[in-house]
Amino acid sequence: MRVYVPLTLPGLAEAHKAGELEAESLVAYAVTPALREWYLSDDIEELEYAALNRAALASLRLLAADGEAARRRVVVAVDVPDRAAVADPDRGLDPAALGEVRIAGGVALAKAAAVHVDSDDAETDVAAAAEALAAADGGDDDAQFVVDGAEDHELLWFATQEIPNLVGLAD
């Protein structure tokens, strides 16, 4: 199963140094039954893109909590056994948790299929979105418009061999 792990550039640097995405319970996003129902598509590529976008929003939340991190969303695509990714049945249709799965224990970074990162021209919009996120969550339509502005930027695709170069962006 392909899962999408939200990070920041410093988080990617830590994972690169450790050789794994570490956590007791790693939060990721995947094509879950609830995401399928919400997205209303049978096209797996569209569903995986929706899961990637959910992870990008989670990365934005990480940026909002870390004022020191470079203002670029980071998502690592990782392949894990199906049974390793578990959705919380109590939060299945919660709009905030669509596609969310938990993976017990760490995942070797060597299992990563790709890394998705914002380009440098997205930084201004991503920074503004991180600042506006709390207000958007509170129902502020203007703030939601700012958050949506970050989502207008497509994440770039990088091969795992490029992680050392990406980690340099965190400095």
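The residues of the range 59-93 that are exposed (fewer than 12 other Cβ atoms within 10 Å of the Cβ), free of Cβ contacts under 8 Å to residues at least 24 places away in the same chain and over 27 Å from residue 110 (Cβ atoms), listed by number, are 65, 67, 89, 90. Scan the range 128-154 for residues that are open to solvent by less than 70 Å² (accessible area, probe 1.4 Å) and under 16 Å from the mean Cα position of the chain (by Cα) and the total you get is 7. There is no residue in the range 98-108 that is out of contact with any strand residue (DSSP E or B) (no Cβ under 8 Å at 6 or more places or on another chain) and open to solvent by 70 Å² or more (accessible area, probe 1.4 Å). Counting only strands (runs of 3 or more DSSP E) that sit completely within the range 31-135, zero hold 1 or more residues that are among the hydroxyl-bearing types (Ser, Thr, Tyr) and in contact with a Phe, Trp or Tyr (Cβ under 8 Å, 6 or more places away or on another chain). Just to verify a result, which residue in the range 13-32, among those that are open to solvent by 60 Å² or more (accessible area, probe 1.4 Å) and at pLDDT below 85, is farthest from the chain's Cα centre (by Cα)? Step by step, filter the range 13-32, then rank; the result is 24.
The values are calculated or read from the model by the stated rules, or taken from the named source; none is laboratory data. This structure is a prediction, so every number in the text was calculated from the model and none was measured. Neighbour counts run over all protein chains shown; Cβ positions are idealised from the backbone, glycine included. Heads up: the accessible areas ignore ligands, DNA and RNA and are worked out on the full protein's heavy atoms, side chains in. Shrake-Rupley method; radii C 1.70, N 1.55, O 1.52, S 1.80 Å.
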